[in-house]
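Chemist: Quick one: the structure is below, questions incoming.
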Amino acid sequence: MTNAIEVRGLRKSFGRTQALDGLDLDVRAGEVHAFLGPNGAGKTTTIRILLGLLRKDGGESRLLGGDPWRDATTLHARLAYVPGDVTLWPGLTGGEIIDLLARLRGPGSAVDPKRRQALIERFALDPAKKARAYSKGNRQKVALIAALASDAELLLLDEPTAGLDPLMEAAFRECVNDERHDGRTILLSSHILSEAEALADRVTIIRDGRTAETGTLAEMRHLTRTTVDAELARPAVLDGVPGVHALEVHGTHLRCEVDHAALNDVLGRLTAAGVVALTCRPPTLEELFLRHYSAERTGPGARP
Amino acid sequence: MTVPALAGTPLAGTGVLARLAFRRDRIMLPAWVYVITVLIASNSYSLGKLYPTVEARADLAASGGRNPALVFLYGRFWGDSLGAVSAWRYGVWAAIFAALMSIFLVVRHTRADEEAGRLELIGSAAVGRLAALTAALLVAVAATVALTILLVIVLIVVGLPAAGSVAFALAITTCSLAFAAVAALAAQLTSGARTARGIAIGVLGAAYLLRAVGDASGEGGVSWLTWLSPLGWTEFVRPYTQARWWVLALPLALTAAATATAYALAVARDHGAGLLPDRPGRSTASAWLLGAHHRADHWPVGLAWRLQRGTLYGWAAGFAFTFAASGAAAKGIGSLLGGSAQLRNAFTRLGGEAGITDAYLAAIMSLAGLAAAAYATSAVLRLRSEETGGQAEPLLATATSRISWGLSHIAVAVVGTAALLAVAGVAAGLGYGLRTGSAGSEVAQLLGAAMVQLPASLAVAGAAVVLFGLAPRASVAGAWTVVGLVVLIALFGQVLRLSQWILDVSPFAHVPKLPGAAVTLHTTGAPLLWLGLATVALTAAGLAGLRRRDIG
């Protein structure tokens, strides 16, 4: 059993809306897996099916070797979940909710008080406040501390940093890296790409309820272009060169995206023109994402 | 309603918000107005049937006016015209319902929206900081005006004098307006809508108690207390008996004062904050909240209790008060009903044939059963509000199964319903027994009479469980429809000459009418056993549905 999550051809519709339309997802045990997609792509629906809150219409799904619907309760003892939109009981305090969620996870998963205290300090949460007085970020912290303080082997985090400030986001990243060293598996859904870039071992990108791409970032970059930014002695002519895209020329300043196969050819032409300054960088996840997202608009049946 | 002159002022956007409030309340608000109107009209009409002659009403006035329990419950007698008797019997209670309408309405569109964060979104638009409060009060005023007009029309149609009807309607609706302003003030005090509602309803309860104690103490006692209560003002307008119009100025003055204070507070305070600070709570959970047992599948019953206990305490206080007063009224009920053969019949229909006092007490106990059914339904429906509010999701992502989550709230509903019925029985027993000097035996007898209602009350809540499991979207409306039908069948089924099988659908048709009916294993035990089995079956079906369906 090396895969914590195995999903094949998952389908789910709500009335006439097809939320998931043949989604595939593999999360290996012990990895941090980023689950990326624009709003409405089906990330939350997938997670809720994995939690047994929703019933799939078709396809296969395995979670920690079990059936997420049939074995929900026993599987839940081994995982912790942070919802994307954290709603808490307004009359209970943050501290009470952290203890309660830990307790409900099962008898074996009692919270270590030292660890609980350390996390509360790290995230600067006031546990004596009633939940109604918390901001969105503070509600998020309550759910995160409850999840991180548990000893669950799998963490399902649905856009966990959506309400956190940059300082708390950094604290969250540290925590995830600690968890990785402890061998926990983390599925991290996000549309904040720098987060996935900083944390994830592997990435799955989904769009319209289907998997668009999956792999390590290195594997994905292999499929993508390099951004080249050059200051030249003389203007170089790259028009019509195969493998060159989005070419912009302003006098001697040149910027373009280059397929990997064409890199050697392009660099040859640039040095021939005399290179003054040159940056070549791998595409950011934003660029990858934009490419997949905009492909939808240029694809068949696209909206104008 | 677009008034350009308001742009940039604290009132900017009031018109849009008022229209939004009307849009959101387009069903609830007319329903409140309709129910209050129908309540008054139908009861004034039936009082006319029950006490058709001046002699019968004079009889009622003489015995009712002497019965301190009834005066405590309804108010003082001013006259024996049909209008005056109607105003005595329903004026204060109609004012209570109308005040509740205003409280729910105003809190819903002010503090509840603010707490949920919806007002923040609105407040970021070109909307002034007083707009939401003003819009809520405008909607309350509109509802009050509509209610006044409708009441005047139906009272005149029923055949009551026009001037008195205007005074009666205004006595009720000015009280409702005053409580709209009280609710607006309460909404500025706390940061939680639940607490704001609680404060306003608490003021209403205090107003009722002041009035009740002032009225019941009689001349020479503390009868001036009634003058301190807005509900006392409703009574003191004395519609149909040389109406004192000037008394209407009192609720209007309270409205003005409370509104002015609410505005002063609203201008000064921060968005989202209240005047009363939030008290910090425990930073760790108590053992009680976590539950004591060590099993793989946890019952979150500590949580369910924590979430529901406040509501239950409120119901219990209401039950204790109402049934103590109703029990106390049982002494002398025979002479009170003497003038009306029809009223006597009404009680024996609901309460059985064995003597008018027993029939009255049995009728009171079946009312306790119906009210307890409403409580049980609301307690079960907490499951649905936890689901739609999103709190159920993190809970069900733990090792808590859907069944144990469902059962934890159902357990609170069962225990709470049993406790409320016990309170009703003991309170009525004490109320009656202390006046007749046989408290011990009356408490025992009426406790039994209250507890036989339990299977029927729970069967009604069983319908809510089935709907929650199998048709969650329709569960709230459906469950309350069931409660409404059961109440309708119990109160009016025989009057409307419904066929027997329809009457038999209501679980309360199978409850023995105690005290009075003979208690045997066959007549008492068997129906209760069947009701219990039906409730278990309904609950099992609902939980099976809950296991199979999508959450959220």
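The values are calculated or read from the model by the stated rules, or taken from the named source; none is laboratory data. Computed from a prediction, not measured in an experiment: that's the story for all the values here. Counting neighbours? That spans all protein chains shown, and the Cβs are built from the backbone with ideal geometry, glycine included.
Chemist: Just give me the residues in the range B:195-216 being charged (D, E, K, R) and farther than 16 Å from B:ALA329 by Cβ, in sequence order. Spell out the reasoning first.
Modeler: To start, the set of residues in the range B:195-216 that are charged (D, E, K, R) comprises B:197, B:211, B:215.
Those that are charged (D, E, K, R) and farther than 16 Å from B:ALA329 by Cβ: B:ARG197, B:ARG211.
Chemist: Also, I was wondering about something else. Looking at (1) buried (at least 23 other Cβ atoms within 10 Å of the Cβ); (2) free of Cβ contacts under 8 Å to residues at least 60 places away in the same chain, can you tell me which one A:ILE186 breaks?
Modeler: (2)
Chemist: Is it fair to say B:ALA12 is over 30 Å from B:ALA216 (Cα atoms), at pLDDT 85 or above and in contact with a Leu (Cβ under 6 Å, 6 or more places away or on another chain)?
Modeler: In short, no.
Chemist: Let me ask something else. With respect to B:ALA517, is the statement that it is at pLDDT 85 or above, surrounded by fewer than 21 Cβ atoms within 10 Å (Cβ to Cβ) and out of contact with any strand residue (DSSP E or B) (no Cβ under 7 Å at 6 or more places or on another chain) true? Give the derivation first.
Modeler: Values: at pLDDT 85 or above: no; surrounded by fewer than 21 Cβ atoms within 10 Å (Cβ to Cβ): yes; out of contact with any strand residue (DSSP E or B) (no Cβ under 7 Å at 6 or more places or on another chain): yes.
No, not satisfied.
Chemist: Another one. Among the residues of the range A:216-230, are any under 24 Å from A:GLY9 (Cβ atoms) and either touching a Gly at 6+ places or on another chain (Cβ under 7 Å) or part of a helix (DSSP H, G or I) (or both)?
Modeler: Yes, some residue in the range A:216-230 is under 24 Å from A:GLY9 (Cβ atoms) and either touching a Gly at 6+ places or on another chain (Cβ under 7 Å) or part of a helix (DSSP H, G or I) (or both).
Chemist: State which residue is nearest to the other protein chains (Cβ to nearest Cβ) when the search covers only the range A:101-114 and only residues that are part of a loop (DSSP other than H, G, I, E, B) and over 30 Å from B:GLU115 (Cβ atoms).
Modeler: Step one: of the range A:101-114, the residues part of a loop (DSSP other than H, G, I, E, B) are A:105-106, A:110-112.
Remaining after also requiring over 30 Å from B:GLU115 (Cβ atoms): A:106, A:110, A:112.
Details: A:GLY106: 4, A:ALA110: 10, A:ASP112: 13 Å.
It comes out as A:GLY106.
Chemist: While we're on this one: When only residues in the range B:461-482 that are surrounded by fewer than 20 Cβ atoms within 10 Å (Cβ to Cβ) and of a type in the set (Val, Ile, Thr) count, which is nearest to B:GLY545 (Cα to Cα)?
Modeler: Looking at residues that are surrounded by fewer than 20 Cβ atoms within 10 Å (Cβ to Cβ) and of a type in the set (Val, Ile, Thr), I get B:VAL476.
Chemist: Looking only at residues that are of a type in the set (D, E, K, R) and without any contact (Cβ under 8 Å) to a residue 24 or more places away in the chain in the range B:495-552, which one is farthest from A:LEU51 (Cα to Cα)?
Modeler: Here the residue is B:ARG497.
Chemist: Further question on the same structure: Filter the range A:141-162 for residues that are away from every other protein chain (no Cβ under 12 Å) and within 13 Å of A:GLY84 (Cα to Cα); which is surrounded by the fewest Cβ atoms within 10 Å (Cβ to Cβ)?
Modeler: Once the filter is applied, the top-ranked residue is A:ALA162.
Chemist: Conditions: (1) polar (S, T, N, Q); (2) surrounded by fewer than 21 Cβ atoms within 10 Å (Cβ to Cβ); (3) within 23 Å of B:VAL213 (Cβ to Cβ). B:THR261 meets all but one. Number of the miss?
Modeler: Condition (3) is where B:THR261 drops out.
Chemist: So which residues in the range B:67-116 are assigned to a helix (DSSP H, G or I), over 19 Å from the mean Cα position of the chain (by Cα) and closer than 24 Å to B:GLY389 by Cβ, if there are any at all?
Modeler: B:HIS109, B:ARG111, B:ALA112, B:ASP113, B:GLU114, B:GLU115, B:ALA116
Chemist: Among the listed residues B:TYR74, B:TYR51, B:TYR45, which satisfies the condition of being in contact (Cβ under 8 Å) with a residue 12 or more places away in the chain, in contact with a Ser or Thr (Cβ under 6 Å, 6 or more places away or on another chain) and closer than 22 Å to B:ALA167 by Cβ? Reasoning before the result, please.
Modeler: Numbers: B:TYR74 fails: in contact with a Ser or Thr (Cβ under 6 Å, 6 or more places away or on another chain); B:TYR45 fails: in contact with a Ser or Thr (Cβ under 6 Å, 6 or more places away or on another chain).
Checking each option against the conditions leaves just B:TYR51.
Chemist: Read through the list (1) in contact (Cβ under 8 Å) with a residue 60 or more places away in the chain; (2) within 19 Å of B:GLY327 (Cβ to Cβ); (3) among the aliphatic types (A, V, I, L, M), then give the number of the only condition that B:ILE403 fails.
Modeler: (2)
Chemist: Hey, could you check the range B:128-158 for residues that are not charged (D, E, K, R) and not in a helix (DSSP H, G or I) and say which is farthest from B:ILE27 (Cα to Cα)?
Modeler: If we take residues in the range B:128-158 being not charged (D, E, K, R) and not in a helix (DSSP H, G or I), then B:GLY128 is farthest from B:ILE27 (Cα to Cα).
Chemist: Still on this model: Collect the residues in the range A:115-140 that are more than 10 Å from every other protein chain (Cβ to nearest Cβ) and in contact (Cβ under 8 Å) with a residue 40 or more places away in the chain, keeping them in residue-number order.
Modeler: The answer is A:LEU119, A:ARG122, A:PHE123, A:ALA124, A:TYR134, A:ASN138, A:ARG139, A:GLN140.
Chemist: Answer yes if at least one residue in the range A:203-214 is among the hydroxyl-bearing types (Ser, Thr, Tyr) and more than 18 Å from A:ARG180 (Cβ to Cβ), and no otherwise.
Modeler: yes
Chemist: Follow-up. How many residues does the range A:57-100 contain that are more than 7 Å from chain B (Cβ to nearest Cβ), over 20 Å from B:SER401 (Cα atoms) and in contact with a strand residue (DSSP E or B) (Cβ under 6 Å, 6 or more places away or on another chain)?
Modeler: 5
Chemist: Here is a further query. Tell me, yes or no, whether the range B:459-475 has at least one residue that is more than 19 Å from the chain's Cα centre (by Cα) and under 23 Å from B:ILE364 (Cβ atoms).
Modeler: The answer is yes; a qualifying residue exists.
Chemist: Restricting attention to the range A:231-264, and to residues there that are part of a strand (DSSP E or B) and of a type in the set (Asp, Glu), which single residue is nearest to the chain's Cα centre (by Cα)?
Modeler: So the residue we want is A:GLU257.
Chemist: Here is a further query. Would it be correct to say that B:SER475 is modelled with pLDDT of 95 or more and part of a helix (DSSP H, G or I)?
Modeler: No: the conditions fail for B:SER475.
Chemist: On the basis of being farther than 30 Å from B:GLY310 by Cβ and at pLDDT 90 or above, does A:GLY94 make the cut?
Modeler: On the way: farther than 30 Å from B:GLY310 by Cβ: no; at pLDDT 90 or above: yes.
No: the conditions fail for A:GLY94.
Chemist: Run down B:LEU289, B:LEU303, B:LEU312 and say which single residue is modelled with pLDDT of 85 or more and at the interface with chain A (Cβ under 8 Å from one of its Cβ atoms). Can you show your working first?
Modeler: Working: B:LEU289 fails: modelled with pLDDT of 85 or more; B:LEU312 fails: at the interface with chain A (Cβ under 8 Å from one of its Cβ atoms).
The match here is B:LEU303.
Chemist: Here's a follow-up. Test of understanding: among B:LEU133, B:LEU137, which residue is farther than 15 Å from B:GLY272 by Cα and either modelled with pLDDT of 90 or more or not assigned by TED's automatic domain parsing to the domain that holds B:ARG26 (or both)?
Modeler: Matching residue, one of B:LEU133, B:LEU137: B:LEU137.
Chemist: Given the criteria in the same structural domain as B:THR388 (by TED's automatic domain parsing) and at pLDDT below 85, does B:GLY545 qualify?
Modeler: Answer is no for this residue.
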